[in-house]
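Report on the following structure.
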Amino acid sequence: MAKILIIDDEKSIRSTLREILEYEKYQVEEAEDGELALELLGNQEFDVVLCDVKMPKMDGIEVLEKSHEMGQETPFIMISAHGTIETAVEATKKGAYDFIQKPPDLNRLLLTVRNALDQSTLVSETKVLRKKVSKTYDIIGESEAIKQVKDTIDKVAPTEARVLIQGANGTGKELVARWIHEKSKRASGPLIEVNCAAIPAELIESELFGHEKGAFTSAVKQRRGKFEQANGGTLFLDEIGDMSLSAQAKVLRALQENKITRVGGDKEIKVNVRVVAATNKDLKREIEEKKFREDLYHRLSVILIQVPPLSERKDDIPRLVDKFLDDIAKEYGSAKKSISDKAVAELKKHPWTGNIRELRNVTERLVIMCGAEIDVNDVHKYTLD
């Protein structure tokens with residue numbers, strides 16, 4: 001049952017609104033002034049607030065502002081008998097969901113409350129999903145090497161700077177890109193990923209920039225590319241070192257002008273995209289061998305993040321294994337298996353040329369093949385062949 005707070009210094013108004021809302025099966029609380037309202041907001045959770053604008057002690061706009069200072073995201077519907085366009089505009093600028101004049105039209109009031117409840121539900125669901133995503137894609141480890149990566153992410157994520165992530169296969173470059181997006185001002189926008197190595201050279205331009213109907217034999221309809229799909233968010237170009245030179249030239253133009261043109265078209269389309277790129281190649285060597293554009297490299301590498309191989313952060317292995325054991329148990333719907341200290345110590349001796357990805361695969365293999373506790377003999381049998 002949705003819970004609504006009514007803030008109004010007039011008892012008759014509060015009673016009328018309570019009667020209407022309780023008839024619609026809402027749970028209702030009342031506050032006769034702003035100070036009491038803020039106390040209630042600090043101690044209880046509400047789905048919607050109906051707040052009068054003109055009140056003694058503290059007006060409704062001030063209540064709205066102070067609730068935001070408290071970290072409240074509950075939708076406020078402002079109500080006033082002295083409503084003007086200026087008041088409505090001010091309330092909206094301060095973050096109010098809507099503005100209704102007294103006496104409120106019953107249908108308008110109930111519709112606005114329902115719409116505000118929908119927004120409140122969406123905000124709550126988004127929070128839950130973000131927590132799940134953050135937990136799923138957490139960067140595990142306290143080694144000095146991984147601390148540097150985390151510190152760099154915290155510094156660069158809130159900016160608009162382009163980032164080039166370097167590291168061997170399986171080190172977690174995609175995870176770093178996800179966290180840059182998650183901690184950025186674009187977090188509410190899309191994160192669109194493109195694996196440049198997995199797309200044939202003749203299709204990469206269509207994939208990135210889209211195409212018009214009839215641009216080539218199989219172009220039976222117009223298609224938006226990844227740049228357009230990422231508008232307002234982040235475009236992650238994974239394995240950019242494998243991109244063709246012709247596609248590189250177009251990406252460079254898109255970064256310079258914030259415009260793209262679909263394959264087979266001549267219309268320029270504005271895009272607002274932050275590009276994060278990753279590669280397992282030495283791009284400076286690729287530049288020397290004329291396989292990668294130097295000007296594109298400098299456009300992409302405003303910030304460089306080097307993700308260390310697992311061999312340089314072996315002290316993180318116990319934490320990583322514990323995380324994988326937990327994740328795998330949840331995936332399989334089974335009890336989490338334990339692992340002996342000697343088994344973990346043995347895992348730390350392994351070279352891990354496949355990095356985090358290899359460790360995750362080995363952990364899953366041990367979970368499948370071993371008993372309730374994974375011991376050192378299991379590690380020798382299923383890992384160190």
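Consider residue 134 against the criteria (1) of a type outside the set (A, V, I, L, M); (2) within 21 Å of residue 192 (Cβ to Cβ); (3) outside any loop (DSSP other than H, G, I, E, B); (4) modelled with pLDDT of 90 or more: it satisfies all of them except one. Which criterion is unmet?
Status for residue 134: all satisfied but (4).
Within 17 Å of residue 121 (Cα to Cα), more than 27 Å from the chain's Cα centre (by Cα) and of a type in the set (Val, Ile, Thr), is that true of residue 28?
Details: within 17 Å of residue 121 (Cα to Cα): no; more than 27 Å from the chain's Cα centre (by Cα): yes; of a type in the set (Val, Ile, Thr): yes.
No: the conditions fail for residue 28.
Going by what's in this entry, would residue 254 be described as outside any loop (DSSP other than H, G, I, E, B), closer than 22 Å to residue 354 by Cα and assigned by TED's automatic domain parsing to the domain that holds residue 157? Please lay out each step first, then the result.
Working: outside any loop (DSSP other than H, G, I, E, B): yes; closer than 22 Å to residue 354 by Cα: no; assigned by TED's automatic domain parsing to the domain that holds residue 157: yes.
In short, no.
Would you confirm whether any residue within the range 308-322 is in a loop (DSSP other than H, G, I, E, B), under 26 Å from the mean Cα position of the chain (by Cα) and either under 20 Å from residue 176 (Cβ atoms) or modelled with pLDDT under 95 (or both)? Working first, answer last.
As a first pass, look at the range 308-322 and keep what is in a loop (DSSP other than H, G, I, E, B): 308-309, 313.
Now narrow it down to the ones that are under 26 Å from the mean Cα position of the chain (by Cα): 308-309.
Remaining after also requiring either under 20 Å from residue 176 (Cβ atoms) or modelled with pLDDT under 95 (or both): 308-309.
So far as the range 308-322 goes, yes, one or more of its residues are in a loop (DSSP other than H, G, I, E, B), under 26 Å from the mean Cα position of the chain (by Cα) and either under 20 Å from residue 176 (Cβ atoms) or modelled with pLDDT under 95 (or both).
Which of (1) closer than 30 Å to residue 183 by Cβ; (2) more than 26 Å from the chain's Cα centre (by Cα); (3) charged (D, E, K, R) does residue 221 not meet, given it meets every other one?
So the condition that residue 221 fails would be (1).
Considering only the range 281-315, how many residues are over 25 Å from residue 229 (Cβ atoms) and polar (S, T, N, Q)?
Matching residues across the range 281-315 total 2.
How many residues are out of contact with any Asp or Glu (no Cβ under 7 Å at 6 or more places or on another chain) and closer than 22 Å to residue 169 by Cα if we restrict to the range 326-378?
Here the count works out to 19.
From the set of residues in the range 343-365 that are of a type in the set (S, T, N, Q) and closer than 24 Å to residue 332 by Cβ, which is surrounded by the fewest Cβ atoms within 10 Å (Cβ to Cβ)? Even if it seems obvious, please write down each step before you answer.
Step one: list which residues in the range 343-365 are of a type in the set (S, T, N, Q), which gives 353, 355, 361, 363.
Still in the list and also closer than 24 Å to residue 332 by Cβ: 355, 361, 363.
Working: 355: 20, 361: 13, 363: 23.
The selected residue is 361.
For the range 256-287, name all the residues that are over 16 Å from residue 193 (Cα atoms) and among the small types (Gly, Ala, Ser).
Of everything in the range 256-287, those that are over 16 Å from residue 193 (Cα atoms) and among the small types (Gly, Ala, Ser) turn out to be 264, 265.
Could you please find all residues in the range 215-229 being crowded, with 19+ Cβ neighbours inside 10 Å and in a loop (DSSP other than H, G, I, E, B)?
Scanning the range 215-229 gives a single hit, 225.
Can you spot a residue in the range 64-73 that is among the charged types (D, E, K, R), in contact with a strand residue (DSSP E or B) (Cβ under 8 Å, 6 or more places away or on another chain), modelled with pLDDT of 85 or more and in the same structural domain as residue 28 (by TED's automatic domain parsing)?
No: zero hits.
Looking at 88, 37, 116, can you tell me which residue is among the small types (Gly, Ala, Ser), part of a helix (DSSP H, G or I) and closer than 19 Å to residue 13 by Cα?
Working: 88 fails: closer than 19 Å to residue 13 by Cα; 116 fails: closer than 19 Å to residue 13 by Cα.
From the options 88, 37, 116, the qualifying one is 37.
When residue 352 is evaluated against the numbered criteria (1) part of a helix (DSSP H, G or I); (2) at positive phi, which criterion, by number, is the only one it fails?
The number of the failed condition is (1).
Only one residue in 326, 295 is at pLDDT below 95 and of a type in the set (D, E, K, R). Which one? Write out each step before concluding.
Values: 295 fails: at pLDDT below 95.
Sole residue among the options that is at pLDDT below 95 and of a type in the set (D, E, K, R): 326.
Report, by residue number, each residue of the range 230-277 that is loosely packed, with under 14 Cβ neighbours inside 10 Å and either modelled with pLDDT of 95 or more or touching a Gly at 6+ places or on another chain (Cβ under 8 Å) (or both).
Answer for the range 230-277, where residues must be loosely packed, with under 14 Cβ neighbours inside 10 Å and either modelled with pLDDT of 95 or more or touching a Gly at 6+ places or on another chain (Cβ under 8 Å) (or both): 232, 272.
Has the range 285-302 got any residue that is in a strand (DSSP E or B), within 27 Å of the chain's Cα centre (by Cα) and surrounded by 18 or more Cβ atoms within 10 Å (Cβ to Cβ)?
The first filter runs over the range 285-302 and keeps only residues in a strand (DSSP E or B), leaving none.
Within the range 285-302, not a single residue is in a strand (DSSP E or B), within 27 Å of the chain's Cα centre (by Cα) and surrounded by 18 or more Cβ atoms within 10 Å (Cβ to Cβ).
The values are calculated or read from the model by the stated rules, or taken from the named source; none is laboratory data. Keep in mind it's a predicted model, so treat the numbers as computed, not measured. Reconstructed Cβ throughout: ideal geometry from the backbone, glycine too, with neighbour counts over all protein chains shown.
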